[in-house]
Amino acid sequence: MSERTEVKAQAADAFPRDLWLIVTQREVGVKLRDRNFLISTLITVVVIAASLTISGIMANRTDHVQVATAGPEAGQIVAAATGLADAAGKKVAFEAHPAADTAAVEAQVRGGAVDAGLVPVDGGWRLIGKSAKNDNATTYVTAAARQFAMQHNAAAAGTSLDQLARGSAMSYDLLAPSAVDPGLSKVVAFAFAFLFYLSSILFGMAIAQSVVEEKQNRIVEILASAIPVRQLLIGKVIGNTVMALAQLALFVGAGLIGLTAIGKGDQITQIAGAAGWFIVFFLVGFLALASLWAVAGALATRTEDLQSTATPLSMLVMAVLFAGIFAKGVFLTVISFVPIVSIVAMPSRVAQGTASWWEPLPALAIMIAATYGIIVLAERIYRRSLLQTQRRLTIRQALAVED
């Protein structure tokens, strides 16, 4: 054993091996006493609950479409349109407002008293709108008018509508039905991506700022004399990871409770499974990210330097956010096995029902291996750059510094 190695080993043995726990407790305590952190967490929970409540109300709200009509047959068509919408499972109700003639119908539409107008014309019917088409009226009033015309034509031909429609029944079978509504799975994927971005930026920048402030105030020299730099890094990473995970679990729990409250309880099992994987992937991945944020702070000498040292990390977090929102198909499948990106991508696939039960396991194993490698490299850079307070360092310069 060389003399330098022996001296380092003796110095390491002089410190208790659980000093990182003191740093962890300090990091957690600082967060719990931070009024801004507590208030922002509470506000986010309220926003999650409010958004789910509003979406539930909007989903269960019946859209009432007011239609001005000219002639008794137009009123029958509007009434039939409500029945067709109901049969299609759409919460749309059409209400007829009889008018004297076409001019009166147009006057009501132009004045905004109704959403649309329906008047007879040669060879059919005319829908009238003010400045834009009403999609519900276009779909269901048009279908009702065709059904009405077919009934009259069938009666004139001495047959019935049922006889004319014989053999036209259509069924729709899904070979691989999704357990989660596609629209809901997209919302869940967006939520995963946004929560990852929020927690990564909030806690990551807090770690980086804490490190650089300690360097700028020269407090780090006192800390390094009392606590090994390695244990200082471990304490910071674990403390902030614990708080980030606790906050994330609170947000996810609020979301799951909200989904149950708005009547999505039948899909809660699939979503809860995806949320569970998201928390697990986030825990492992954030350990790597927290280490890198600490490195960003260690490379800087002033708070102003963080703009350059933290830019690559900010871009990485932003890229994961966009990948989680917009990725789909084969691309989503591929990136769900890429470390860091898999934090969002794999749980999103689980929510969509496109991931086999075993796929999260190898993706998590890859993430764990990558996290270990990142932490080892980050610890080396952090240890060599933390006490360099004269100038901002690059990663290459930090690695060139001797222990």
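The values are calculated or read from the model by the stated rules, or taken from the named source; none is laboratory data. Bear in mind the structure is a predicted one, so any value in this text is a computation, not a measurement. Positions of Cβ are generated from backbone atoms using ideal geometry, with glycine treated the same way; all protein chains shown enter the neighbour counts.
Odds and ends about this structure:
- Summed over the range 140-168, residues that are within 17 Å of A96 (Cβ to Cβ) and β-branched (V, I, T) total 2.
- Extreme residue, surrounded by the fewest Cβ atoms within 10 Å (Cβ to Cβ), among residues of the range 99-124 that are under 45 Å from the mean Cα position of the chain (by Cα) and under 21 Å from G83 (Cα atoms): D115
- Taken across the range 297-305, residues that are in contact with a Phe, Trp or Tyr (Cβ under 7 Å, 6 or more places away or on another chain) and under 25 Å from K31 (Cβ atoms) do occur, with at least one present.
- Taken residue by residue, the range 273-285 has at least one member that is over 18 Å from the mean Cα position of the chain (by Cα) and modelled with pLDDT of 85 or more.
- Every listed requirement among (1) closer than 30 Å to K31 by Cα; (2) out of contact with any Pro (no Cβ under 8 Å at 6 or more places or on another chain) is met by F192 save one, (2).
- Which numbered condition L21 misses (of (1) surrounded by fewer than 17 Cβ atoms within 10 Å (Cβ to Cβ); (2) more than 30 Å from A226 (Cβ to Cβ)): (2)
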